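The values are calculated or read from the model by the stated rules, or taken from the named source; none is laboratory data. Worth saying up front: this structure is predicted, and the values here are computed from it rather than measured. Here the Cβ positions follow ideal geometry from the backbone for every residue, glycine too, while neighbour counts run over all protein chains shown.
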Amino acid sequence: MMETAEQIKTWAREIGFDKVGVAAAEPLPEGGHLRQWLDRGYNGGMSWLAKNIERRLDPCRVLPGARSIICLAVDYFVPVECGPDYLKISRYARGADYHDVLGKMLKNLVIRIADARPESRNLWYVDAGPIMEKTWAQRAGLGCKCKNDLLVTRDYGTWVFLGEIISTLELPPDMPESDHCGNCTKCMEACPNGAIVEPRVLDTRRCITYWTNKHEGDFPPEIAAKLHGWVYGCDICQEVCPFNHKRKTAARTEEFAPRAGILQAEQWRGIDETRFVQITHGGPLQRAGYARIRRNLQAAGVIKG
């Protein structure tokens with residue numbers, strides 16, 4: 001299977017993936033850690049994370065006969081000089097929706113695999129489904145989970161989107177990545193709300209990204225005062241990461257470049273739903289919806305209620 005694995009990796013890079021590795025599809029031992037995290041209520045209002053725990057821990061429960069997990073990453077970093085009248089929008093949400101971009105890439109790769117190995121069965125995922133993507137990415141050698149519980153790679157930092165293919169092909173696994181964060185705690189210290197309560201343990205109830213991205217309805221007053229001007233997402237813990245400081249050049253995937261006007265506060269003042277769709281069409285902010293983004297803009301003081 002070595003030849004097949006190398007061919008898959010070649011195809012992945014041709015399609016546009018920046019990193020690719022393979023892990024053996026074995027049951028994960030993280031069940032106790034996951035259940036403890038849920039018992040503490042650290043998932044906030046994301047109740048779906050408490051479902052399908054056994055499927056999350058064992059890929060064979062997702063795809064019977066699974067032998068390998070092909071893990072892939074795409075760089076999305078685009079350097080932008082933001083002035084004082086720019087909105088605080090997380091880097092990942094400034095361009096096209098990564099679910100769509102990576103989804104097309106993964107479909108392309110699965111088609112190539114199926115053509116070459118028609119006896120195989122393959123399921124792909126992008127930030128969805130019962131799969132612990134960061135754990136698998138570390139096992140496949142793409143990077144390691146850093147203190148803020150994101151995956152950090154040696155060459156692209158934390159600015160990567162992840163995708164996975166669960167396959168019945170038995171491919172030779174790559175060496176897992178070791179912890180290369182060392183004693184650094186910059187991300188933990190930088191979080192203004194103390195959301196990183198322990199290394200690799202995130203209390204989403206204190207996380208700005210959770211409140212601006214996932215929470216529905218109005219903000220509790222004590223939360224609205226702790227958003228620190230962020231309109232969607234938050235990059236504070238990533239901006240201080242030493243691995244991210246190395247980045248100078250933009251990602252090769254052009255779809256992740258910021259859309260025209262999306263960061264300029266002036267474009268959002270007096271916003272209505274029609275203008276909202278024009279600015280956000282095809283991006284993560286459109287997925288969030290007009291009502292949620294309008295709420296966030298009000299909390300950030302960009303528009304009045």
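Which residue pairs have Cβ atoms under 6 Å apart, sit 6 or more places apart or on different chains, and have a first residue in region 183-208 that is over 21 Å from P220 (Cα atoms) and in contact (Cβ under 8 Å) with a residue 40 or more places away in the chain and a second that is surrounded by 15 or more Cβ atoms within 10 Å (Cβ to Cβ) and of a type in the set (F, W, Y)?
That search, which allows pairs on different chains as well, returns nothing.
I need a count of the residues in region 69-103 that are part of a strand (DSSP E or B) and either under 15 Å from I262 (Cβ atoms) or not charged (D, E, K, R) (or both). Full working, then the answer.
Here is the first cut: in region 69-103, the ones part of a strand (DSSP E or B) are 69-75, 86, 88-89.
Adding the requirement that they be either under 15 Å from I262 (Cβ atoms) or not charged (D, E, K, R) (or both) leaves 69-74, 86, 88-89.
Residues in region 69-103 being part of a strand (DSSP E or B) and either under 15 Å from I262 (Cβ atoms) or not charged (D, E, K, R) (or both): 9 in total.
Every residue in region 104-118 that is assigned to a loop (DSSP other than H, G, I, E, B) and without any contact (Cβ under 8 Å) to a residue 24 or more places away in the chain, please. Walk me through how you get there before you give the answer.
Narrowing region 104-118 to residues assigned to a loop (DSSP other than H, G, I, E, B): 117-118.
If the condition is that a residue be assigned to a loop (DSSP other than H, G, I, E, B) and without any contact (Cβ under 8 Å) to a residue 24 or more places away in the chain, then P118 is the only one that fits.
Sort out which residues of region 249-305 are of a type in the set (K, R), without any contact (Cβ under 8 Å) to a residue 24 or more places away in the chain and surrounded by 13 or more Cβ atoms within 10 Å (Cβ to Cβ), and write them in order of number. Walk me through it before giving the result.
First, the residues of region 249-305 that are of a type in the set (K, R): 252, 259, 269, 275, 287, 292, 294-295, 304.
Retained after the next criterion (residues that are without any contact (Cβ under 8 Å) to a residue 24 or more places away in the chain): 275, 294, 304.
Scanning region 249-305 gives R275, R294.
In this structure, does R294 turn out to be within 24 Å of P192 (Cβ to Cβ) and assigned to a helix (DSSP H, G or I)? I'd like the intermediate steps shown before the answer.
On the way: within 24 Å of P192 (Cβ to Cβ): yes; assigned to a helix (DSSP H, G or I): yes.
Considered against the rule, which asks whether it is within 24 Å of P192 (Cβ to Cβ) and assigned to a helix (DSSP H, G or I), R294 comes out as yes.
Are any residues in region 1-60 among the aliphatic types (A, V, I, L, M) and not in a helix (DSSP H, G or I), and if so, which ones? Show your work before the answer.
Residues of region 1-60 that are among the aliphatic types (A, V, I, L, M), as a first pass: 1-2, 5, 8, 12, 15, 20, 22-25, 28, 34, 38, 46, 49-50, 53, 57.
Of everything in region 1-60, those that are among the aliphatic types (A, V, I, L, M) and not in a helix (DSSP H, G or I) turn out to be M1, V20, V22, A23, A24, A25, L28, M46.
Provide a single number: the residues in region 5-29 that are over 19 Å from V152 (Cα atoms) and either of a type in the set (A, V, I, L, M, F, W, C) or outside the structural domain of N52 (by TED's automatic domain parsing) (or both).
The number of residues fulfilling the criteria is 8.
Does L109 satisfy the condition of being touching a helix residue (DSSP H, G or I) at 6+ places or on another chain (Cβ under 8 Å) and either modelled with pLDDT of 95 or more or closer than 20 Å to E164 by Cβ (or both)?
Working: touching a helix residue (DSSP H, G or I) at 6+ places or on another chain (Cβ under 8 Å): yes; either modelled with pLDDT of 95 or more or closer than 20 Å to E164 by Cβ (or both): yes.
Against the criterion (touching a helix residue (DSSP H, G or I) at 6+ places or on another chain (Cβ under 8 Å) and either modelled with pLDDT of 95 or more or closer than 20 Å to E164 by Cβ (or both)), L109 qualifies.
Listed residues T153, T185; which is surrounded by fewer than 19 Cβ atoms within 10 Å (Cβ to Cβ) and among the β-branched types (V, I, T)? Spell out the reasoning first.
Details: T153 fails: surrounded by fewer than 19 Cβ atoms within 10 Å (Cβ to Cβ).
Answer to the selection: T185.
Taking region 126-142, which residues are at positive phi and under 14 Å from the mean Cα position of the chain (by Cα)? Give the steps one after another, and end with the answer.
Step one: list which residues in region 126-142 are at positive phi, which gives 127, 129, 141.
Residues satisfying the conditions are D127, G129.
How many residues, within region 119-137, are over 24 Å from M175 (Cβ atoms) and buried (at least 20 other Cβ atoms within 10 Å of the Cβ)?
If we filter region 119-137 for residues that are over 24 Å from M175 (Cβ atoms), which is where we start, we get 119, 121, 123, 126-130.
Pick out the ones that are also buried (at least 20 other Cβ atoms within 10 Å of the Cβ) and you get 126.
Selection size over region 119-137: 1.
When the residues of region 261-291 are narrowed to those that are under 23 Å from the mean Cα position of the chain (by Cα) and assigned to a loop (DSSP other than H, G, I, E, B), which ends up nearest to D97 (Cα to Cα)?
By that ranking, first place goes to G283.
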